[in-house]
Structure formats: structure tokens, C-alpha cells
């Protein structure tokens with residue numbers, strides 16, 4: 001079991017404000033699973049436009065938060081860190097479902113487990129929960145590619 005604070009997360013993800021969507025890793029078992037959290041606040045840059053009268057976190061950003069969580073799990077599993085010579089890309093999103101809105105004040109719990117890893121393609125089962133209720137779920141596929 002491993003936990004990570006924001007400073008450690010910044011070592012593993014190239015993302016920075018306003019697109020860094022993981023605040024803390026609660027539990028991590030390399031090669032298996034990770035649980036992380038995102039504190040959703042009214043100060044998020046997307047809320048003024050989505051929607052001013054009823055702020056809701058965009059579903060695509062919930063999926064992105066799950067993917068960032070998956071990237072941390074992959075890097076920890078490989079025993080490496082993000083660097084300037086590589087990018088972690090989506091290659092597929094299957095079965096994405098959105099079950100409840102995510103709003104300011106919510107704490108998004110991100111749970112990701114590795115389903116397979118073949119020829120540099122990683123496949124994960126990912127779930128985002130708020131107060132124990134599923135907010136979103138999907139199967140994600142990602143790959144690490146060189147930028148050189």
C-alpha cells in the first residue's frame with residue numbers, strides 16, 4: 001500500500017494547473033490498482049461556463065481524472081516517472097457511463113485497476129465515485145509514446 005501527496009504526484013504526471021485533476025493518492029498497489037481523490041471546488045476554471053446557474057464538472061474531465069490516476073499507476077508499476085521525452089496518450093475509451101453529476105464541494109474518489117498490459121497498451125477498469133455513489137465508469141486504454 002502506497003499513498004502520495006501532491007508533491008509526489010507532480011513527479012509522476014506532467015499535467016499542471018488547470019488540467020491536473022488528481023490531488024492525492026490514497027492507496028496504490030503497483031501492477032494492480034490505485035485509489036486517488038480529486039477535491040472539486042467552485043474555483044475550478046470550468047465552472048463559470050459549465051454551467052453558471054448550475055455548476056457541473058464536465059464528464060470529459062471526470063474521464064481525464066480517471067486517466068491521470070491510471071497514468072500514475074502505470075508509472076509506479078513500470079518503476080519510472082513522466083519526463084519531457086514521452087507523453088501518455090488515450091488510445092480508447094469504452095463503455096463510458098455517467099451516473100450522477102459532480103458538483104462543487106464533492107470529493108471525487110477515483111478507482112482504477114489494470115485489466116491488461118500488452119505491447120505498451122494498458123487497459124484499465126476505472127470508476128469515479130462521490131459519497132459512495134458511482135458518478136462515472138469506463139474502460140480506458142492508454143499508451144506511453146516517445147516525443148522524440
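Computed from the coordinates by the stated procedures, all read-outs in this text should not be read as laboratory data. As the structure is a prediction and not an experimental result, all values here were calculated from the model. Backbone-built Cβ (ideal geometry, glycine too); neighbour counts: all protein chains shown.
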Cα centroid of the range 21-77 to Cα centroid of the range 98-145, whole Å: 9 Å
Most exposed to least, judged by fewest other Cβ atoms within 10 Å, 62, 109 sort to 109, 62
Comparing 16, 119, 100 in a Gaussian network model of the chain (Cα, 10 Å), the one with the largest mean-square fluctuation is 119
How would you rank 3, 146, 82, 113, going from fewest to most other Cβ atoms within 10 Å of each one's own Cβ? 146, 3, 113, 82
Helical mean residue ellipticity (222 nm; -39500 (n - 2.57) per DSSP H run of 4+; nearest 500) of the chain: -6000 deg cm²/dmol
Taking the 0 to 90 degree range and rounding to the nearest ten, how far is the long axis of helix 59-78 tilted relative to the main principal axis of the chain, both from C-alpha atoms? 30 degrees
Run the numbers on the range 33-90 and let me know its relative contact order in percent, using alpha-carbon pairs under 8 Å that are six or more apart. 32 percent
Determine Rg/Rh for the range 6-146; Rg is computed over alpha-carbon atoms and Rh is the Kirkwood hydrodynamic estimate from the same atoms. 0.95
Please arrange 78, 66 by how many other C-beta atoms lie within 10 Å of their C-beta, fewest to most. 78, 66
Could you tell me the relative contact order of the chain? Use alpha-carbon pairs under 8 Å, at least six residues apart, and round to a whole percent. 25 percent
Taking just the C-alpha trace of the range 26-104, give me its Rg and Dmax in Å. 14.9, 45
Have a look at 102, 63, 91 and tell me which one the Gaussian network model of the chain (Cα, springs below 10 Å) gives the largest fluctuation. 91
